[in-house]
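S.K.: Have a look at this one before I ask anything.
The values are calculated or read from the model by the stated rules, or taken from the named source; none is laboratory data. If you're wondering where the values come from, they're calculated on a predicted model, not measured in any experiment. So basically every Cβ, Gly included, is an ideal-geometry build from the backbone, and we count neighbours across all protein chains shown.
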Amino acid sequence: MTYWQRWIWQPQTAWLRRATFQLHLWSGIGIGLYVLLVSVTGSVLVYRNELFRAATRDPIIVTGPGPRLTDEQLTRAATRAYPGYAVIDLSRGRNPDQAVSVSLKSSTDVKVRLFNPYTGQDLGDAVPLGIWLVSKLMELHDDLLAGRTGRTVNGVGALLVIVLGCTGIVVWWPGIKTWRRSLTVHRNVGWQRVTWDLHSMIGFWSLGFILLFAASGAYLGNPEPFQDLADRLEPPTDANAGTRIVDQVIYWLAYLHFGRINGIGIPCSGPGLCDWTIKLIWAVFGLAPAGMFVTGAVMWWNRVVRKKLKRMSTRS
């Protein structure tokens, strides 16, 4: 039997499969928590627009005796309320009775507060807590709360997820006689086998989405190398300006990362059932890496850590 035949019929006996399994195992352990983080936050942020709308509160409308305060009077009221801060912006709404948004800055901090236009009373944060939380969740997913450095780390992490996906499909292949069994979860086989079946099934059916999310995440984290490669493959000229295939590929690679198809006509235009269906699909498959991490961690604990703890207990 040739090596290729053995790979097709009995892959478990092939050295390449065993080596790939080790690479897949330790790569998963190394970036598992990172994968869990970006997977869960990414699925939630498919609905970021809906979350922002839900967190947006109605404008605060106030009335009071006497005339409304001038900008200078509101500025003095704000600086009295926050010593050490200077007003850098003051914004009034279309409704003259609407609370006035005042931005203040110190040497180390920036505040945006609402003030009563009649009395100068501080009415609280201009940015609702829900808006702040969603914004921080976006920062956590996009750059790990670390700015440009975090985006770079995200790009590298996405490349490692591609490695996990490619090695995972090699490890998944059970042989030509039994490959269909790895597409579903079987009953009455014990929890350890169920965990393996879940890991294999999720990985197979979600592989395309995982590679899409990882490749687009690598681009969004570090777009310059992708653009340099595109320029090498199809150098920009006056003749192909705006029509390069590589530009279209990069555009769709980035656009499909977010799962917000609404408004571009494929497959639907405008809010409605189609738009919600696409978002639901993206959100569900966005959780696939998290599912892979959880099932993989359970298998690793059972096969490696638990056995080591048992041997140590026996020796002691």
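S.K.: Read through the list (1) within 20 Å of LEU114 (Cβ to Cβ); (2) in contact with a Phe, Trp or Tyr (Cβ under 9 Å, 6 or more places away or on another chain), then give the number of the only condition that GLU72 fails.
M.R.: Condition (2) is where GLU72 drops out.
S.K.: Just checking, does the stretch 161-175 include any residue being touching a Lys or Arg at 6+ places or on another chain (Cβ under 6 Å) and either without any contact (Cβ under 8 Å) to a residue 40 or more places away in the chain or surrounded by 16 or more Cβ atoms within 10 Å (Cβ to Cβ) (or both)?
M.R.: no
S.K.: Which condition breaks for LEU145 when tested against (1) in a helix (DSSP H, G or I); (2) within 25 Å of the chain's Cα centre (by Cα); (3) surrounded by fewer than 15 Cβ atoms within 10 Å (Cβ to Cβ)?
M.R.: Failing condition for LEU145: (1).
S.K.: Answer yes or no as to whether GLY263 is at pLDDT below 90 and over 25 Å from VAL40 (Cβ atoms).
M.R.: yes
S.K.: Still on this structure: Those residues that are of a type outside the set (A, V, I, L, M, F, W, C), out of contact with any Phe, Trp or Tyr (no Cβ under 7 Å at 6 or more places or on another chain) and at pLDDT 95 or above, I need them from the stretch 99-115; list them, please.
M.R.: Across the stretch 99-115, the qualifying residues are SER101, SER103, ARG113.
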